[in-house]
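What follows is a single structure, written as structure tokens, with notes after it.
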Amino acid sequence: MTQRQAVLAGLILLILSFQVLVLVILAFFPYLPNPGLSNLNNDIYFLLAPLSTIFLLELLYAWLLRIAAREASRYSSTVRSIAHFLSEPFAKIISSVRTRSLSESARTFKILSRPRLLLVISLAASVLLAFIPYRPDLNPSGILVGVDSPTYVTWISQMLARPLPQALQYSLVEGLDGSRPLLLIILYMVASLGVSPSQLIEYLPMLLAPLLALSSYAFVRYGHGRANFAGLTALFAPFSFYLSVGLWGGYYANMLALVFAYLFLTLLLVFSKLPSATKYSAMFALSVALFLTHPWTWVLIATAGLVFALSLWRETHLTIHLKSIAGIILAGVALDVLKSTIFATRTVAADLATKLPTSADPSAFWVNLVDGLLYTHSGLLGSWIILGVGLFACFALRFGDWFERLVLLWVGVASIPFLIFDSYNQTRIVYDLPIPVLMATALLFFLPLIGNREVRWPGVMIVLVLVICVNYALQGILLL
């Protein structure tokens, strides 16, 4: 080991030791003395939070930079020379990333050798994190957390006070203009068994959080094929934005919609490789469920699916990809028009039109970005570690691989409305990004490049990133 490697190893181990101490203090809060380590960690988080604005822009628009650089290099020898000069110090890394596959990288990590164990850990962590805000010692009065939680209780109570036909009609009309009927109907059915609406909303995140981890695992496991990669993705799911921001806002419909989104895109990948009527029927049903749960997320996922199908059609010249997704989108549009006509509610298109900016001031974009990441949701989206790690994946993913292409298109499609929406609606777009997949992808692509048998960089770095993310989630949830 060289002196430089020794110094770097010592620094990493020092940071890891500090983060582990913070984790122990937060995990046993308030029963362990806190010498100020968790406060210091929180101060560091807020000190580095402004970096998240740059990281998010790079994450969202890496695809645009890649296209611009490729096209400029194709037509300009000067640009090619500059690009070669700038990339020369990173030539070995760039070459390794281009030739290395995610499957190959996943096999190099001993820490990922038991993906089912990683999935179990992820499911258990999801339940425990969702339970923390309602621990009797931290919340003896059982007060609901989440901005939208009281609204859900009101909706369910209103439905319980009506006969079944009127309750169903209420879910299609009154519950946020009838945009979340599926979740409301499910909650109503459970509440009809004698469960109080408040208790139902209290336990709902403990069901949705592990479902999110499980669905992200399925997306990678069956969409990509590597269980190791899937296990790491599932491990990041409860420690990303999904649970902390979801609990802060009470975004239960959005959380359930992401579950449907992951499963829908899993089937889209599987169907694209080997079409069958059964897979298409399941995909169609998931699309309808997604639309009836959270139309905004449906628009994002359906658009990404359409662009993906178009790319497959251009590549394979097979119309089945395009016809299948076109049928799903047309069915969603027809369902939207039918529902709005019968129940006199707003269509998704009309609702999206209300979110368009009223001012054409370009400076508003940066103001919205800063406000959304650093102030909306108590700054929970301003995580430099999550966005910083995730952005590397957007530079490493390759369009030739269908799984990687779909992830790239998911991010690319989301980046377009991000330009014009206000700060709050920008945050909802960020919330719908495949952050756990991006983080796992970045680690698998880049960590083996700095691997060393003596120092065991890859395993140590994965643990370090995970512990930092766990502390982020714990700190955020404890402040709810």
Taking the residues in the stretch 200-229 that are among the charged types (D, E, K, R) and part of a helix (DSSP H, G or I) as candidates, determine which candidate is nearest to the chain's Cα centre (by Cα).
-> 221
What number of residues within the stretch 16-44 are without any contact (Cβ under 8 Å) to a residue 40 or more places away in the chain, among the hydrophobic types (A, V, I, L, M, F, W, C) and assigned to a loop (DSSP other than H, G, I, E, B)?
-> 2
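It is to be established whether one or more residues within the stretch 343-358 are closer than 28 Å to residue 51 by Cα, without any contact (Cβ under 8 Å) to a residue 24 or more places away in the chain and surrounded by fewer than 20 Cβ atoms within 10 Å (Cβ to Cβ).
Step one: list which residues in the stretch 343-358 are closer than 28 Å to residue 51 by Cα, which gives 355-357.
If we keep only those that are without any contact (Cβ under 8 Å) to a residue 24 or more places away in the chain as well, we get none.
No, because not a single residue in the stretch 343-358 is closer than 28 Å to residue 51 by Cα, without any contact (Cβ under 8 Å) to a residue 24 or more places away in the chain and surrounded by fewer than 20 Cβ atoms within 10 Å (Cβ to Cβ).
Can you tell which of 214, 204, 200 is open to solvent by 40 Å² or more (accessible area, probe 1.4 Å) and either modelled with pLDDT of 95 or more or not small (Gly, Ala, Ser) (or both)?
So the residue among 214, 204, 200 that is open to solvent by 40 Å² or more (accessible area, probe 1.4 Å) and either modelled with pLDDT of 95 or more or not small (Gly, Ala, Ser) (or both) is 214.
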Pairs under 6 Å by beta carbon, first residue in contact (Cβ under 8 Å) with a residue 24 or more places away in the chain in the stretch 249-271, partner among the β-branched types (Val, Ile, Thr), six or more apart or different chains?
-> 249/147; 250/147; 253/293; 256/293; 257/293; 257/297; 261/297; 261/301
If we keep just the residues of the stretch 46-62 that are more than 18 Å from residue 439 (Cβ to Cβ) and assigned to a helix (DSSP H, G or I), which is least open to solvent (accessible area, probe 1.4 Å)?
-> 53
Could you give me the residue pairs with C-beta distances under 6 Å whose first residue belongs to the stretch 133-158 and is closer than 15 Å to residue 248 by Cα, whose second residue is open to solvent by 20 Å² or more (accessible area, probe 1.4 Å) and part of a helix (DSSP H, G or I) wherever it lies, and which are 6+ apart or on separate chains?
-> 134/202
Looking at the stretch 308-323, which of the residues that are at pLDDT below 95 and of a type in the set (Ser, Thr, Tyr) is most open to solvent (accessible area, probe 1.4 Å)?
-> 319
Helices (runs of 4 or more DSSP H) contained in the stretch 410-480 and holding at least 1 residues among the charged types (D, E, K, R), open to solvent by 40 Å² or more (accessible area, probe 1.4 Å) and at pLDDT 95 or above | none
Taking interchain pairs and intrachain pairs at least six residues apart, which have beta carbon atoms under 9 angstrom, with the first residue in the stretch 206-230 and in contact (Cβ under 8 Å) with a residue 12 or more places away in the chain and the second outside any helix (DSSP H, G or I) and polar (S, T, N, Q)?
-> 228/113
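The values are calculated or read from the model by the stated rules, or taken from the named source; none is laboratory data. Keep in mind that this is a model prediction, so the values were computed, not measured. All Cβ positions, glycine included, derive from the backbone under ideal geometry; neighbour counts span all protein chains shown. Keep in mind that these areas ignore ligands, DNA and RNA; they rest on the heavy atoms of the full protein, side chains included. Shrake-Rupley method; radii C 1.70, N 1.55, O 1.52, S 1.80 Å.
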